[in-house]
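The values are calculated or read from the model by the stated rules, or taken from the named source; none is laboratory data. Predicted model only: the values in this text are computed from it and were never measured. Neighbour counts are summed over all protein chains in view; Cβ atoms, including those assigned to glycine, are modelled from backbone coordinates with ideal geometry. Remember, those area values only see protein heavy atoms, side chains included, never the ligands or the DNA or RNA. Shrake-Rupley method; radii C 1.70, N 1.55, O 1.52, S 1.80 Å.
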Amino acid sequence: MMNKRMQTDIAVIGGGVVGAAVAAEMARTGAAVTLLERGEFPWGSSKRCDGHVVTYDSAPGFFSRFSKAALDLFHERAHKLPCDIHFEPEGLGLLVDDERDLEQALANYEGKKAEGVKVGFWDQAELRRHEPNIADDILACVNFEGDAKLNPMRLTFALIQQARDLGAKPERGVTVTGLGLENGAVRRVETDRGVLEAETVVLCAGVWTPGLAHMAGVNVPIRPRQGHLIVTERVSGLIGKNYAEFGYLAAKGGKKRPGVTPAMEQYGVALVLEPTAEGTIIMGSSRRFVGMNTEVEPHVLQAMVQRGIRFFPNFARTKIIRTFAGLRPASIDGYPIISPTHVRGLYVASGHEGNGISLSLITGKLTAEMLQGLSPSLDMAPLHLDRFGLNPPAVVR
């Protein structure tokens, strides 16, 4: 428990999956790490999401290669974590339902294959063999064979425990009230339970990161983007594995799509399906900017259900047992922010939107390399805070 005054090498603020991954990775280096979370572990976005670890949801290019490195790290480390996270690399199929998307889907398939992603292509007949409950007019499936799913809360718990085993001090129920600066450098974290002296602070608080950064005069352009999810009753044989629609890529980028209703367009609805270890199915997704609102909206759910039935008509006979909405930390250009700031010792690892689970381990690794002054595992320029031009140039201590 925190007392009135403590000291640490590194303070990580935010105990969701990204903060937990950063804390664990920094503790691995031998640094004294304190992880601060104002709620429970996990809290915020990390307990209101699905558990995809994927490469399917980006066109070939930087973010696609970034996602592949993240997936590869999960394949390497998932079974070494201190508890079972239900990691299942069963693959994910990207479903094409409109002729106008087929050419682009094939181009993505070829581009992904050239990047080393394990990917196959099922025509309509082969898709029907794998998924007999699929709608008759679904045209094809780009099959991402290495993509995986996991339990996001178990992952967060596992990373918290790993950080603790490596010597970190996770502290929950701690509200940060200020960041103390001296001569342009961070020196302490002020909280409702005392002062934590630290010359390195990493902000990993998702949609709450901009408010924390503002305490130090740093502008971090992240907005909360609401997403709904539906959980069905336990079902057997309805779908074989994870699926999403090809239109998800357009919905994620806020682009118009063929073949959707005005409500689906308005709410950013695109089909995502995840069968769980418990036998239920998680159905998504929606995307909209409505501030910090996490209220479930029936009209959004209705559009999501309609989209699910479009691809798998038997969902019409499946009961819903739970619905919820969470907030995704969305940067203004869609890429995460993993970067130093112009305040010496203050860093940001946030803005992953709906990819926080998938990119958690690679974010921890890249942040550790950054804090140690090591050569990064991949090009960090597209993830740097300076790309927005909203602050003085970042400095590295």
Review point. Which ranges mark the strands (runs of 3 or more DSSP E) fully within the range 215-318 that have 3 or more residues being not aliphatic (A, V, I, L, M)?
Key: 222-232, 242-245
**Study point:** Search result, residues across the range 254-286 that are at pLDDT 90 or above and of a type in the set (G, A, S)
**Key:** A263, G268, A270, G279, G284, S285, S286
Review point. Taking the range 306-330, which residues are open to solvent by 10 Å² or more (accessible area, probe 1.4 Å) and in contact with a Cys (Cβ under 9 Å, 6 or more places away or on another chain)?
Key: R328
**Study point:** Residue list for the range 263-305, filter: surrounded by 20 or more Cβ atoms within 10 Å (Cβ to Cβ), under 18 Å from the mean Cα position of the chain (by Cα) and among the aliphatic types (A, V, I, L, M)
**Key:** V269, A270, L271, V272, L273, I282, M283
Exercise for review: Please work out which residue is modelled with the lowest pLDDT, limiting yourself to the range 27-61 and to residues that are touching a Gly at 6+ places or on another chain (Cβ under 8 Å) and of a type in the set (A, V, I, L, M).
Suggested key: A59
Check your understanding: If you check M26 against the conditions, is it open to solvent by 10 Å² or more (accessible area, probe 1.4 Å), among the aliphatic types (A, V, I, L, M) and closer than 25 Å to G211 by Cβ?
Key -> no
